[in-house]
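Notes follow once the structure below has been shown.
Only the coordinates and a few stated rules stand behind these numbers; no lab work does. Fair warning: this is a prediction, and the values are worked out from it, not measured in the lab. Because the Cβ atoms are built from the backbone with ideal geometry, glycine has one as well, and the counts that use them run over all protein chains shown.
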Amino acid sequence: MEHFRVGLVGCGGIAQVHGAVLRDLEGVDLIACADIRPDRAHAFAETFGGTPYDSLEAMLDAERLDCLHICTPHYLHTPMARLAAEKGIHVFTEKPPVMDRAQWADFQALEQAPVRVGVCFQNRYNQSVQLLRHLLDSGRPGKLLGARAFVTWKREAPYYTESGWRGSLATEGGGVLINQSIHTMDLLVQFLGRPRQVEASMANHHLKGVIEVEDTMEAYLDFGGPTALFYATTAHCANSPVLVELVCEHATLRMEEREVTVTWDDGETQRHSFPEAQPAAQGKAYWGNSHGLCISDFYHSLRTGAPFPNDIPGIRDTAELMLATYESARQNRVVTL
């Protein structure tokens, strides 16, 4: 089996999830890591292996990498992906792939590079999501009429003030949408297809004077027929399960993370409950539970040349919708995609 020499940059919280997956993934050798805080790089290397470096540039100069995992703050995702691609290194980056239109243009240009680029939308691999896809594809629920999605989580001031980058427009790019609920918006795109219009509004309700970004975003999404209501906040008192509900001609499909309820128009109700994905999720539960499946699929695509659903074309509609939602909220207008 072909082995891939892998490096990781950004050794904070989400990097622990990637490290655990890479350490156990057959055919993958995690040989290096980098962080501008040397203590974090050394701690990561002690846990997951590899040589620690104090910068991405130092790691790329010293090591011959086949793939780079990017787990840094948002504003660095695109420039680091471009730097790796220019050196012929495959890229697997955490979400969001971009923060603004200029970065999106740069990121899309990587399609012309002789490397594969993947984005970590791991919730696409959740068993509950796969079940909804199977049901929709079967045709039994009938035409999809619309949807609603709710993300109601809790983030207090230390989450932002202790990070060094969250809460700032320059480094995070936004708040609850770009950081926490982009996964849920991505699932709406997966189920409803290409978005056509968005009208949105946003607010900072509970951390005024602490953060520059929104803690609440609501949007009315038009998918060229079906419509969706989207609401996300980090001003809740707890991290409640994410709710996605799809209304079809003959059934209502309701997903609350690993729980799925199907209510048919004749009154029959079916309930499905799924365990944590394997390998077991690491870190915070609300990060999603399918990093292992997503990362493994990316390396399968590198090894076999098979398509990877989270490549640049595969995440284009979600990236466009996220950017358009911010434009609508900031400019107080309907945005057509």
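For Lys87, a cut-off of 18 angstrom between C-alpha atoms picks up these aspartates and glutamates, skipping any fewer than 8 places away in its own chain: Glu57, Asp61, Glu63, Asp66, Asp106, Glu111. Overall shape: oblate for region 194-258, with the ratio a/c of the largest to smallest alpha carbon gyration tensor axis at 1.5 or above and b/c at least equal to a/b. Sorting the segments 138-145, 291-298, 38-45 by their mean number of nearby beta carbons within 10 angstrom, highest to lowest, gives 291-298, 38-45, 138-145. Partners of Lys143 within straight-line reach, counting aspartates and glutamates whose Cα lies under 12 Å from its Cα and excluding those fewer than 8 residues away in the same chain: Glu249.
For the pair Leu145 and Thr269 in one chain, pulling the backbone fully straight at 0.36 nm per residue adds 42.7 nm over the alpha carbon distance. Rounded to the nearest 500, what is the 222 nm mean residue ellipticity of the chain from helices alone, with -39500 (n - 2.57) per DSSP H run of 4+ residues and division by all residues? Mean residue ellipticity, 222 nm, calculated: -10000 deg cm²/dmol.
A simple spin-label model places the labels of Glu26 and Glu259 3.7 nm from each other, with each point 7 Å out along Cα-to-Cβ. Computed from point charges on the beta carbon alone (+1 for Lys and Arg, -1 for Asp and Glu), the dipole magnitude for the chain about its Cα centre is near 300 Debye.
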